[in-house]
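What follows is one structure encoded as structure tokens, with my remarks underneath.
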Amino acid sequence: MPSHFAFPNNDFLAYTLANPVACEPQVLSVNGCDLYLEDTGILRIEPSQPTKTSLVLSVGVHGNETGPIELINNMLKDILSGALALNIRLLVLIGNPVSANAGKRFIDINMNRLFSGAWKKFEGPEALRAKNLEQAIERFYAVNEQDNLRLHYDLHTAIRGSEYEKFAVYPYDHGAGYSIAQLRFLAASGLDAVLLSHQPTTTFSYYTNRVFGAHSFTVELGKVYPFGENDLSRFADIDSSLRQLMSMSTLPEGNASSVKVFSVEEALIKDAEDYVLNIGSDVKNFTGFDKDFCLAQSSLSKYTIKSDGDAIIFPNANVPIGQRTGLVVRPTTLESLSFLEDLG
Ligand SMILES: [Zn+2]
């Protein structure tokens, strides 16, 4: 079977968008790697040499976040053409091809709230897709149970601007500690900030971290643009760090202290219909406030800033009562964290 059978022009993205709901599973061999197209947008690549590193790259979990999809598609083209040597196991997931075709974040439900089995409580295309993605992850991590480095980077872009253009959300660690090697990798990837999550969630990265012990991150890489309008040079750092990881099977090391670290001070919850956030609709993520500023209020409650510099992230008051309207975050230091590795 010629290698161009699966994807004309080695274009996995075009093939996925042309087959958004399902496709025939295919197996083929390219440049010494075995490719398993397991379902639409679900591509596993096994390198010819044994490896202890298994990397999941997921993109387009929100369908309109096209920049990372194009970034990863270009890397795949280079793997398929032989321009980029692959020496780790790789699972590429284009999360929501139907909503990507529609140019929408999602069709029915925000898919990044449907993992860790949360999909069971819903119906519709995102619930089914979240189930399929979980099964793909399970198969991928089951192949090599001895692997000692499981990685998952879930790449996104945002509608809202950010004081820190590129940042990662570190899933809640349940007290286990953080990885300095991962923070160095994020620094090498050009990330400006890391937010330490404070509780279990139903996001994709929390799921792979909690269930499979992967080093997992939700990675925000800047602003949303439609297909074809992304300036991929803005992703140059993470492009080169991921390519180094794939070809050298080592995590590049940046200066971890260049990454600002934030912890969650408060999760704001909408408690009444008259709930408002006292900020403009265009306020950027990580905008900081002065102590005593009244950030949110309703007929039932009032939230005032506790400490100068506390900042808002992911603000959105347009949610049902009982749901999150944003996170108040506070700068912290690397020195205050406990790490998985012995730092000597
Ligand atoms: Zn997103």
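The values are calculated or read from the model by the stated rules, or taken from the named source; none is laboratory data. Computed from a predicted structure; not experimentally measured. Backbone-built Cβ (ideal geometry, glycine too); neighbour counts: all protein chains shown. Please note that ligands, DNA and RNA were not included when accessible areas were found on the heavy atoms of the full protein model with its side chains. Shrake-Rupley method; radii C 1.70, N 1.55, O 1.52, S 1.80 Å.
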Item to complete: Taking the residues in region 217-260 that are in contact with a strand residue (DSSP E or B) (Cβ under 8 Å, 6 or more places away or on another chain) and open to solvent by 70 Å² or more (accessible area, probe 1.4 Å) as candidates, determine which candidate is farthest from the ligand (Cβ to nearest atom).
Response: Lys260
Practice prompt. Answer yes or no as to whether Leu57 is in contact with a strand residue (DSSP E or B) (Cβ under 6 Å, 6 or more places away or on another chain), closer than 30 Å to Arg234 by Cα and surrounded by 13 or more Cβ atoms within 10 Å (Cβ to Cβ).
Written response: yes
Practice prompt. Would you mention how many residues in region 84-123 are farther than 15 Å from Val59 by Cβ and small (Gly, Ala, Ser)?
Written response: 6
Response to the item:
Scanning region 188-216 residue by residue, those within 16 Å of the ligand (Cβ to nearest atom) and closer than 16 Å to Lys260 by Cβ turn out to be Leu191, Leu195, Ser197
Worksheet item: Could you list, in sequence order, the residues of region 41-70 that are assigned to a helix (DSSP H, G or I) and under 16 Å from Thr218 (Cα atoms)?
Response: Thr66, Gly67, Pro68, Ile69
Response to the item:
Among residues of region 108-130 being modelled with pLDDT under 95 and touching a Gly at 6+ places or on another chain (Cβ under 7 Å), the residue most open to solvent (accessible area, probe 1.4 Å) is Asp108
Response to the item:
Of the listed residues (Ser179, Ser189, Ser197), the one being closer than 17 Å to Val264 by Cα and of a type outside the set (Phe, Trp, Tyr) is Ser197
Practice prompt. Only residues that are away from the ligand (no atom under 16 Å from the Cβ), in a strand (DSSP E or B) and open to solvent by 20 Å² or more (accessible area, probe 1.4 Å): list them for region 131-187, please.
Written response: Leu149, Arg150, Tyr178
Worksheet item: Which one of Ile109, Ile72 is within 16 Å of the ligand (Cβ to nearest atom), free of Cβ contacts under 8 Å to residues at least 24 places away in the same chain and not polar (S, T, N, Q)?
Response: Ile109
Discussion item. I need every pair where a residue in region 214-225 that is in a loop (DSSP other than H, G, I, E, B) has its Cβ under 8 Å from the Cβ of a residue that is open to solvent by 10 Å² or more (accessible area, probe 1.4 Å) and within 12 Å of the ligand (Cβ to nearest atom), sequence separation at least 6 or different chains.
Written reply: Val224/Asn64; Val224/Ala158; Val224/Ile159
